[in-house]
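Worksheet: one structure, shown below.
The values are calculated or read from the model by the stated rules, or taken from the named source; none is laboratory data. It should be emphasised that the depicted structure is a prediction, and the values quoted were computed from it without experimental measurement. Cβ placement follows ideal geometry from the backbone for every residue including glycine, while neighbour counts extend to all protein chains displayed. Surface areas here come from the heavy atoms of the whole protein model, side chains and all, with no ligands, DNA or RNA. Shrake-Rupley method; radii C 1.70, N 1.55, O 1.52, S 1.80 Å.
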Amino acid sequence: MDHIDRAILRALQADSSLSQRDLAERVGLSQNACWRRLNALRTSNVIQGETVRLSKEAVGLGVTVFVMVRTRYHSKDWLKQFREAVLSIPHIVDFHRLAGDYDYMLKIVARDMNAFDGIYQTLISKVELDTVTSYLSMEAIADNRDMPV
């Protein structure tokens, strides 16, 4: 990747709805040259799709909770069951395996605390967990930031 590829990526992160012509103008390329680079970035999996960022509050998801999970199980079968359980719950929007005191971190968005409790109850009914600690986000200071390219 060179500086032009990085300029394309920065422009698309800021506004993925840019037309091919507008994108080419922003990065100083012809439309054909821009299309070739954009296609190469998609083919090489640098660009892994295009999405729309939603306001959690505007769609009725005013509560964000980070859930830290510790388990005593580390078998392939347990991990498969846990992954399937987590991925079956759409309100879990981020899911990370960690190194350190906890094994996993989940980011859950919910309408309110009662809705979060329902999501939590669903999760623990699907898989056995050792320790679960939840942290309520008071304010998202920086959320869904662009990748630094």
Residue 21 vs (1) in a loop (DSSP other than H, G, I, E, B); (2) open to solvent by 100 Å² or more (accessible area, probe 1.4 Å); (3) not hydrophobic (A, V, I, L, M, F, W, C): all pass except (1)
Check residue 137 against each of (1) under 11 Å from residue 65 (Cα atoms); (2) in contact with a helix residue (DSSP H, G or I) (Cβ under 6 Å, 6 or more places away or on another chain) and name the one condition it does not meet. (2)
If residue 138 satisfies every condition in (1) of a type in the set (A, V, I, L, M); (2) part of a helix (DSSP H, G or I); (3) loosely packed, with under 10 Cβ neighbours inside 10 Å but one, which is the exception? (2)
Looking at region 51-59, can you tell me whether even one residue there is in contact with a strand residue (DSSP E or B) (Cβ under 8 Å, 6 or more places away or on another chain), open to solvent by less than 60 Å² (accessible area, probe 1.4 Å), closer than 16 Å to residue 144 by Cα and not in a strand (DSSP E or B)? yes
So which residues in region 95-135 are part of a helix (DSSP H, G or I) and β-branched (Val, Ile, Thr)? 119, 122, 124
Residue match in region 78-94 (condition: open to solvent by 90 Å² or more (accessible area, probe 1.4 Å), part of a loop (DSSP other than H, G, I, E, B) and in contact (Cβ under 8 Å) with a residue 24 or more places away in the chain): no
So, residue 47, is that one farther than 24 Å from residue 120 by Cβ, in a loop (DSSP other than H, G, I, E, B), open to solvent by less than 50 Å² (accessible area, probe 1.4 Å) and without any contact (Cβ under 8 Å) to a residue 40 or more places away in the chain or not? yes
Qualifying position, being under 14 Å from residue 63 (Cα atoms), hydrophobic (A, V, I, L, M, F, W, C) and out of contact with any helix residue (DSSP H, G or I) (no Cβ under 8 Å at 6 or more places or on another chain), among 108, 119, 124: 119
The residue that is farthest from residue 64 (Cα to Cα), considering only those in region 95-133 that are aliphatic (A, V, I, L, M) and open to solvent by 70 Å² or more (accessible area, probe 1.4 Å), is 99
Given (1) within 21 Å of the chain's Cα centre (by Cα); (2) free of Cβ contacts under 8 Å to residues at least 40 places away in the same chain; (3) assigned to a helix (DSSP H, G or I), residue 36 misses just (1)
Within region 101-118, how many residues are in contact with a strand residue (DSSP E or B) (Cβ under 9 Å, 6 or more places away or on another chain) and closer than 14 Å to residue 136 by Cα? 12
Among the residues of region 60-74, the number that are farther than 17 Å from residue 113 by Cβ, open to solvent by 60 Å² or more (accessible area, probe 1.4 Å) and at pLDDT 95 or above is 1
